[in-house]
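Notes for the one structure printed next.
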Amino acid sequence: MMIRNLTLLLALCCASVQAQEVPSIELKDLGDLTVDTRALVEAAEGPVLFCFWATWCSPCKRELNNYADLYPDWQDETGVEIVAVSIDDPRSMMRVKPYVNSVGWDYKVLLDPNKAFARAMQVNNVPHTFLVNAEGQVVWQHNNYADGDEEELYEELLKLAEE
């Protein structure tokens, strides 16, 4: 009886754990076009990396600037698409486009001033990075940034590319 109850309890626990999926949230890009986050994943030819950041966050900018140098190689090897999601509020949002233009990022930048997407993805602080597979499931995530973290991410990208 005890073993059967334990087995049932384990089955219920395991059944309730499911992979986090990217929700369908409409955000604006820097050209003021509306982008649906779920549709973006579905249209991608490879994995998608969502990087939540803000202009006031030094580790965020360092992370995304380091990724920018590696991005062409990562795209060739894994087909990854990077999407930088700014959580700058409506007051500081006007700094996003000038900053992105000044550093020349070659990836999509979306604006989430009301933090709807950030809340849906359970982002509590930035930088917070999510690696999403072709099915829209989060397969890896990382909070904060230190120089060298991009090597761990690269390993995850390679694993995903092999699947």
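Residues 157, 30, ranked from the fewest to the most other C-beta atoms within 10 Å, line up as 30, 157. Going by neighbour counts of Cβ atoms within 10 Å, the residues 63, 21 line up, fewest first, as 21, 63.
Springs join every pair of Cα atoms under 10 Å in this Gaussian network model of the chain, and among 141, 75, 122 the largest mean-square fluctuation is at 122. Per residue, the chain reaches -13000 deg cm²/dmol at 222 nm when only DSSP H runs of four or more residues are counted, each adding -39500 (n - 2.57).
Dividing the convex hull volume of the alpha-carbon atoms in the chain by its residue count gives 135 Å³ per residue. Of all lysines in the structure, the ones whose alpha carbon falls short of 29 Å from that of residue 97, not counting any fewer than 8 places away in one chain, are 28, 61, 108, 115. A simple count of charges around residue 113, restricted to other residues whose Cβ falls under 10 Å of its Cβ and scoring Lys, Arg +1 and Asp, Glu -1, yields 0.
Every read-out reported here was derived from the displayed coordinates using simple, explicitly stated rules and does not represent laboratory data. Quantities reported herein were computed from a predicted structural model and do not represent experimental measurements. Counting neighbours? That spans all protein chains shown, and the Cβs are built from the backbone with ideal geometry, glycine included.
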